[in-house]
Amino acid sequence: MSMKKINGKRLALVTIGQAPRVDITPDMMQGLDAEYDITEFGALDGLTKEEVATLAPKGGEECLVSRMTDGSEVVCSAAEIEKRLEHVFAKIDPEKFDAILMLCSGKLEAAVHSLPVFSPYDSLSAEIDERRAAKDVVGVISPHADQIGKMQAHFTAEDEARFASASPYAVDEFARAGEKLKETDVIIMNCMGFDSAMAAKVEAAANVPTMTVRQLFMKHVGKSLMQKAPA
């Protein structure tokens with residue numbers, strides 16, 4: 001995980017859905033000690049729902065789940081999102097920003113730039129590694145059932161983890177997901193769309209400590225923002 005200091009307060013936030021992410025950004029930034037100049041970019045910006053529908057996964061393609069500006073859920077091909085992210089990153093002028101914060105916890109190969117790029121995927125991976133080292137049984141909630149297989153790759157043995165799915169953008173299935181993960185030591189909700197209220201519902205149903213990847217990400221980003229520059 002990158003722990004490079006962010007030298008400045010001009011942040012580009014990139015979502016795989018449509019910007020602005022009013023469901024994520026205010027919550028993320030309120031936990032920081034200083035004011036930051038935020039500009040949001042989205043891989044699906046400017047597209048209609050009909051145009052976004054053409055980006056749906058085909059033939060077993062890996063999927064990514066995100067949100068439109070009207071609050072509705074969208075499921076897209078990961079490969080199509082990667083293509084669109086390349087164009088988004090090309091728009092981010094390194095002279096106008098100090099760092100890029102991704103608003104997706106998936107592993108995104110297109111998230112490469114001359115600026116420091118901070119990804120929730122790194123925060124998620126680090127937390128899973130710590131939990132595995134502690135011999136914890138980890139419960140993981142993904143926003144789509146088709147993403148569970150991808151999460152299983154983080155673990156080497158079946159008894160290390162349990163899995164469930166629930167969307168942060170559709171029908172409330174958090175209690176059901178929590179019930180499924182009762183026999184775990186900790187639950188991680190793996191999507192930046194999951195918030196603390198959703199985590200509370202899961203925790204109440206499972207009676208297991210529950211955290212969101214958003215919380216993990218901001219803990220790690222906060223450390224980078226607060227680091228002192230090297231002497």
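The values are calculated or read from the model by the stated rules, or taken from the named source; none is laboratory data. Source: prediction; values computed, not measured. Methodologically, a virtual Cβ is constructed for each residue, glycine included, from the backbone with ideal geometry; neighbour enumeration extends over all protein chains shown.
Can you find a residue that is assigned to a strand (DSSP E or B), touching a Lys or Arg at 6+ places or on another chain (Cβ under 6 Å), at pLDDT 95 or above and surrounded by 15 or more Cβ atoms within 10 Å (Cβ to Cβ) anywhere in the stretch 59-71?
Step one: of the stretch 59-71, the residues assigned to a strand (DSSP E or B) are 63-67.
Now narrow it down to the ones that are touching a Lys or Arg at 6+ places or on another chain (Cβ under 6 Å): none.
No, the stretch 59-71 contains no residue that is assigned to a strand (DSSP E or B), touching a Lys or Arg at 6+ places or on another chain (Cβ under 6 Å), at pLDDT 95 or above and surrounded by 15 or more Cβ atoms within 10 Å (Cβ to Cβ).
Of all the residues that make up the stretch 78-102, how many are touching a Lys or Arg at 6+ places or on another chain (Cβ under 6 Å) and of a type outside the set (Asp, Glu)? Write out each step before concluding.
Taking the stretch 78-102 and keeping what is touching a Lys or Arg at 6+ places or on another chain (Cβ under 6 Å), we get 97-98.
Filter once more, so that each one left must be of a type outside the set (Asp, Glu): 97.
Matching residues across the stretch 78-102 total 1.
So Asp136 fits all but one of (1) within 24 Å of Leu44 (Cβ to Cβ); (2) in contact (Cβ under 8 Å) with a residue 12 or more places away in the chain; (3) surrounded by fewer than 19 Cβ atoms within 10 Å (Cβ to Cβ); (4) acidic (Asp, Glu); what number is the exception?
(1)
Could you please give the count of residues in the stretch 154-202 that are in a loop (DSSP other than H, G, I, E, B) and of a type in the set (Lys, Arg)? Can you show your working first?
Filtering the stretch 154-202 for residues in a loop (DSSP other than H, G, I, E, B) gives 154-157, 166-173, 181-185, 190-195.
Among the residues that remain, those that are also of a type in the set (Lys, Arg) are: 182.
Number of matching residues: 1.
What residue, of Leu124, Leu101, is within 14 Å of the chain's Cα centre (by Cα) and assigned to a strand (DSSP E or B)? Quick ask: steps written out before the conclusion?
Details: Leu124 fails: assigned to a strand (DSSP E or B).
From the options Leu124, Leu101, the qualifying one is Leu101.
Within the set of pairs 6+ apart or on separate chains, which have a first residue in the stretch 149-168 that is of a type in the set (S, T, N, Q), a second that is assigned to a helix (DSSP H, G or I), and C-beta atoms under 9 Å apart?
Listed by first residue and then by second, the contacts come to Gln152/Glu158; Thr156/Arg132; Ser165/Ala145; Ser165/Asp146; Ser165/Gln147; Ser165/Ile148; Ser165/Ala177.
Cβ contacts < 6 Å: first residue farther than 9 Å from Leu13 by Cβ, restricted to the stretch 35-52; second residue among the basic types (Lys, Arg), any location; separation 6+ or different chain. Result?
So the pair list comes out as Tyr36/Lys9; Asp37/Lys9; Asp37/Arg10; Ala43/Arg84.
Return the only residue of Ala90, Ala53, Ala34 being over 24 Å from Met189 (Cβ atoms), surrounded by fewer than 19 Cβ atoms within 10 Å (Cβ to Cβ), among the hydrophobic types (A, V, I, L, M, F, W, C) and modelled with pLDDT under 95.
Working: Ala90 fails: modelled with pLDDT under 95; Ala53 fails: modelled with pLDDT under 95.
Result: Ala34 is the single residue among Ala90, Ala53, Ala34 that is over 24 Å from Met189 (Cβ atoms), surrounded by fewer than 19 Cβ atoms within 10 Å (Cβ to Cβ), among the hydrophobic types (A, V, I, L, M, F, W, C) and modelled with pLDDT under 95.
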